[in-house]
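Working notes, structure below.
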Amino acid sequence: MRGDKRKARRHRLRRDAWVMLEADQRCDCVITNISDRGAHINVADSEALPDSFVLLLAENGATRRRCRV
């Protein structure tokens, strides 16, 4: 098996988060690992994700990140 070629070290975690689909619509997701350069999230329907979206790290939206697939 080949070694991991990522440029940033990943950290495992399990944290609830939310994907903003539209201004008033969001879906639940779970962050399963994260690094300085990206994250792995699990969502119920990955086909519903747009190519770019805002990931809410706090339920009130205070902490958010712009993301792209």
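The values are calculated or read from the model by the stated rules, or taken from the named source; none is laboratory data. Remember, predicted model here, so these are calculated numbers, not experimental data. Neighbour counts are summed over all protein chains in view; Cβ atoms, including those assigned to glycine, are modelled from backbone coordinates with ideal geometry. Each accessible area value is taken on the protein alone, full model and side chains, heavy atoms only, with ligands, DNA and RNA left out. Shrake-Rupley method; radii C 1.70, N 1.55, O 1.52, S 1.80 Å.
Residues of segment 11-30 being surrounded by 10 or more Cβ atoms within 10 Å (Cβ to Cβ), at pLDDT below 90 and farther than 17 Å from residue 69 by Cβ, which ones? Break it down into steps so the answer makes sense when it comes.
To start, the set of residues in segment 11-30 that are surrounded by 10 or more Cβ atoms within 10 Å (Cβ to Cβ) comprises 11, 13, 15-21, 26-30.
From what is left, the residues that are at pLDDT below 90 are 11, 21.
The answer is 11, and nothing else.
Quick test of your reading of the structure: residue 61 fulfils all but one of (1) at pLDDT below 95; (2) touching a strand residue (DSSP E or B) at 6+ places or on another chain (Cβ under 6 Å); (3) open to solvent by less than 50 Å² (accessible area, probe 1.4 Å). Name the failing condition by number.
So residue 61 meets the others, but not (2).
Say whether the condition of being within 23 Å of residue 7 (Cβ to Cβ), under 10 Å from the mean Cα position of the chain (by Cα) and β-branched (Val, Ile, Thr) is met by at least one residue in segment 52-60.
No.
If the Cβ limit is 8 Å and pairs must be 6+ apart or interchain, which residue in segment 26-39 that is within 17 Å of residue 52 (Cα to Cα) pairs with which residue that is surrounded by 13 or more Cβ atoms within 10 Å (Cβ to Cβ) and among the polar types (S, T, N, Q)?
Between residues of segment 26-39 that are within 17 Å of residue 52 (Cα to Cα) and residues that are surrounded by 13 or more Cβ atoms within 10 Å (Cβ to Cβ) and among the polar types (S, T, N, Q), the close pairs are 39/33.
Go through segment 31-50 residue by residue and tally those that are farther than 13 Å from residue 8 by Cβ and surrounded by fewer than 14 Cβ atoms within 10 Å (Cβ to Cβ).
Just the residues of segment 31-50 that are farther than 13 Å from residue 8 by Cβ, to begin with: 31-32, 41-50.
Then drop every residue that is not surrounded by fewer than 14 Cβ atoms within 10 Å (Cβ to Cβ), which leaves 42, 44-48, 50.
Looking only at that region, the number is 7.
What strands (runs of 3 or more DSSP E), lying completely within the chain, carry at least 1 residues that are of a type in the set (A, V, I, L, M)? Even if it seems obvious, please write down each step before you answer.
Details: elements: 11-22, 25-34, 39-43, 52-56, 64-68.
Where strands (runs of 3 or more DSSP E) fall fully within the chain and carry at least 1 residues being of a type in the set (A, V, I, L, M), they are 11-22, 25-34, 39-43, 52-56.
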